[in-house]
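Below is one structure; the comments refer to it alone.
Just so you know, all these numbers are worked out from the coordinates, no wet-lab data involved. What you are looking at is a predicted structure, and each value in this text was computed from that prediction instead of being measured. A quick note on method: Cβ atoms are made from the backbone with ideal geometry, for glycine too, and the neighbour counts reach across all protein chains shown.
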Amino acid sequence: MQTEATRDAVARNLLPIMRVIGEDHRWTMEERLAAYGVPGAGVAVIEGGELAWAGGFGVREQGGATPVDEHTMFMGASTSKPITAFLILQHVERGLLDLDVDVNRYLERWQLPESEFTRRYPVTLRHCLSHKAGLTVNGWPCRRRNEPVGTLFDLLGGTPVSGQPPVTVDKTPGGTERYSGGGFVIAEMLLEDVTGRTFDSLAEELIFEPLGMKHTTYRNPLPERFHACVASGHDATGAMHAGGWLVSPERGAGGIFTTAADYARFMIATRDAFLGRKGALLRRDLAQQMLSRQGAGLFGLGWRSVGDGPTRRMNHGGSNDGYQSETNLYLDSGDGAAVFTNAVAGIVLENEILNGVADLQGWADYMVTPRKARAVPAEEHWRYVGEYRIVSGVEMPSMRVYVEDGVLKSAIETMRVSGMPIYIDDEGNLFNRYTRFLSKVCYGMDGRARKLTAYEASSSAVLSAERD
């Protein structure tokens, strides 16, 4: 694909997240921005391991006239995490850190409290970066620009300004995967303690400047030179946040401001290191660890590692109260894309954009095979209704399946795509039309669902929940 031809192709080819047999939906970018009330989107397309095109659609704020372009910055939220992991690995390469040593050996200003779970299995950086540390706290709320923002001590200690309880270990490190921003805040503090440098300056010197990521920063407050470049964030109602953008207290876990083009440069650099290319910013064996699943689950170190062989891809998304993003890059072909949006409703739009790029580039094992879909019949609702205890995948304790207005739905507290109608396909898989997951059901002797396991297109389990 070539520059403007790429832009035009992307703009005309948005596809449903979950395709249904008998339907042939294909939308334009303009149609879907309007449908979801998302002001704008930044998109970068990677082809053969090189940046093929980057630019934008829509505007930087609802009702405004300034268009989103290649230099428009978005809050990247959790897309911060792979960069933090890359920084840690660079310091492993320099001999300053060991992935498999108790983090408390490096931490000087704060110590992770000992618990019954850590006495035998101490928390390590490998655990933190792969979400297997048994740590609490998924993430911290963003603040408006004029509101107080917690320090690292506030976040880890759970002071009132943090808005969350303390970061602790409440299950065995090295066990099941549970997403936790707490591990990346620990990594951020640890890096500063070991180097005597600020986290943001390390990222600039070792990653952003070498890669030419001129519109990317972790600095807070946001440097004035970037103020004119930032897209305003919009909440779940579509209203713009006062002050335009938000502030994240968790820089290493969710505080990055970046562009789709800059982030694509980082994705390409990660793949170059994985392939052992000359001039890469990280040693090959460390990059390969980064992009290899750390036991059961989907996470490597920072990145999710989805699929195997020619279908293997690095993936990560970002989500907060004003911005949504999603990124994918295939390690074999070097094809992929990064999408950043400036509204909560972008959580659906971003995946329709990526499905369109996947269709154009022929991404292997990405789009879910079209299903025959039917609503779960009312006479079968009893099989599924109830509370399910989440045993792996996310920090939340439970998932609820319930009936509303005669329709079977599911919800996980605080999840942004929640409360959606449940459908069932010919193979008995459950799904909704706004995520890429199929849920397989294990039934008890009484015919009721006992266990639900959600899988991505690659058949990798992303969440498991059981009924007691």
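Dipole magnitude of the chain about its Cα centre, charges +1 at Lys/Arg Cβ and -1 at Asp/Glu Cβ only, in debye to the nearest 20?
The dipole of the chain has a size of about 580 debye.
Figure the gain on full extension for R277 and M420 (residue separation times 0.36 nm, minus the Cα-Cα span) and round it to one decimal in nm.
47.0 nm
Say the cut-off is 31 Å between C-alpha atoms; which of K81/K372; K171/K278; K132/K451; K132/K372; K171/K451 go over it?
K81/K372; K171/K278; K132/K372
Could you pull out the longest piece of the chain with no exposed loop GluC sites (Glu not before Pro) in it, calling a site exposed if DSSP puts it outside H, G, I, E, B and it has at most 13 other Cβ atoms within 10 Å?
Looking at the chain, 117-412 is the longest stretch - no exposed GluC sites (Glu not before Pro) with at most 13 other Cβ atoms within 10 Å.
Roughly speaking, what is the stretch gain from E116 to E379, that is 0.36 nm per residue apart minus the C-alpha to C-alpha distance, in nm to one decimal?
Length gained between E116 and E379: 90.0 nm.
Using the Cα centre of the range 321-421 as the reference point, and only Cβ charges (+1 on K/R, -1 on D/E), how large is the resulting charge dipole? Debye, rounded to the nearest 20. Mind showing how you got there, number by number?
On the way: 8 positive and 15 negative charges, 76 e Å.
Magnitude of the dipole: close to 360 debye.
Once the Cα atoms of the range 1-146 are picked out, what are the Rg and Dmax in Å?
21.9, 60
Quote the charge dipole size of the range 90-143 about the Cα centre in Debye, to the nearest 20; the model charges only the Cβ of Lys and Arg (+1) and of Asp and Glu (-1).
160
Cα centroids of the range 94-143 and the range 9-75: how far apart, whole angstrom?
With the range 94-143 and the range 9-75 each reduced to a Cα centre, they are spaced 37 Å.
Mind listing which trypsin sites (Lys or Arg not before Pro) in the range 278-339 are in a DSSP loop and have 13 or fewer other Cβ atoms within 10 Å?
The qualifying sites are K278.
As an exercise, use a Förster radius of 35 Å and the Cβ-Cβ distance of A34 and S292 to find the FRET efficiency, rounded to the nearest 0.05.
Given R0 = 35 Å and the Cβ-Cβ separation, E is 0.25.
Within a Cβ distance under 11 Å of A287, other residues only, what is the Lys/Arg minus Asp/Glu net charge?
Here the charged neighbours net out to +1.
Where in the range 424-468 is the amide nitrogen less than 20 Å from a point lying 7 Å along the Cα-to-Cβ axis of T172?
So the set is 464-466.
Given R₀ = 60 Å, FRET efficiency for E147-T3 by Cβ-Cβ distance, to 0.05?
Efficiency at R0 = 60 Å is approximately 0.90.
Taking R0 as 35 Å, what FRET efficiency do you get between E413 and D446 from their Cβ-Cβ distance, rounded to the nearest 0.05?
E(calc), rounded to 0.05, equals 0.80.
Per residue of the chain, what 222 nm ellipticity follows from adding -39500 (n - 2.57) for every DSSP H run with n ≥ 4, rounded to the nearest 500?
-6500 deg cm²/dmol
Whose amide H sits under 5 Å from the amide H of G76, counting only residues 5 or more places off or on another chain, with H placed in the peptide plane?
Amide H to amide H, under 5 Å and 5 or more residues apart or across chains, G76 pairs with I256, F257, T258.
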